[in-house]
Amino acid sequence: MENEAVKYLAVAITMIATVFAAGQGLSKVFATWLEGIARNPSADTKLSKAGFVAFAGTELVLLMGFVISIMTLNK
């Protein structure tokens, strides 16, 4: 029973950390993206490509944290 409680605690801590990190990363990505478009509207197409890649990378961090949590839970 005690081992199972530790497992659930580890999953909770992992998910809290990854959600916090992904939220911080997404806010930074979109703030920088919008600031760049506001400073130079003609570079919108170049910035959009980079913004979507950064968005996908940040979401990948969240998904990997979720996968690690599920793997820890099923161990």
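The values are calculated or read from the model by the stated rules, or taken from the named source; none is laboratory data. Please read all numbers here as calculations on a predicted model, not as lab measurements. Cβ placement follows ideal geometry from the backbone for every residue including glycine, while neighbour counts extend to all protein chains displayed.
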Here are some conditions: (1) of a type outside the set (S, T, N, Q); (2) loosely packed, with under 14 Cβ neighbours inside 10 Å; (3) under 21 Å from ILE70 (Cβ atoms); (4) touching a helix residue (DSSP H, G or I) at 6+ places or on another chain (Cβ under 9 Å). ALA56 meets all but one. Which one does it not meet? (4)
Result of the Cβ filter at 8 Å on the stretch 48-61, keeping first residues that are farther than 13 Å from PHE30 by Cα and partners that are surrounded by 12 or more Cβ atoms within 10 Å (Cβ to Cβ) and not basic (Lys, Arg), at least 6 apart or interchain, is VAL61/THR18; VAL61/ALA21; VAL61/ALA22; VAL61/GLY25
Which one of the conditions (1) touching a helix residue (DSSP H, G or I) at 6+ places or on another chain (Cβ under 8 Å); (2) modelled with pLDDT under 90; (3) not charged (D, E, K, R) does GLY36 fail to meet, given that it meets all the rest? (2)
Taking the stretch 1-20, which residues are without any contact (Cβ under 8 Å) to a residue 60 or more places away in the chain, assigned to a helix (DSSP H, G or I) and more than 18 Å from the chain's Cα centre (by Cα)? GLU2, ASN3, GLU4, ALA5, VAL6, LEU9
All but one of (1) closer than 30 Å to GLU4 by Cα; (2) at pLDDT 90 or above hold for SER69; state the number of the condition that does not hold. (2)
So which of LEU34, LEU60 ends up being part of a helix (DSSP H, G or I) and over 18 Å from the mean Cα position of the chain (by Cα)? LEU34
Against the definition (in a helix (DSSP H, G or I), surrounded by 12 or more Cβ atoms within 10 Å (Cβ to Cβ) and modelled with pLDDT of 90 or more), how does GLY23 come out, yes or no? yes
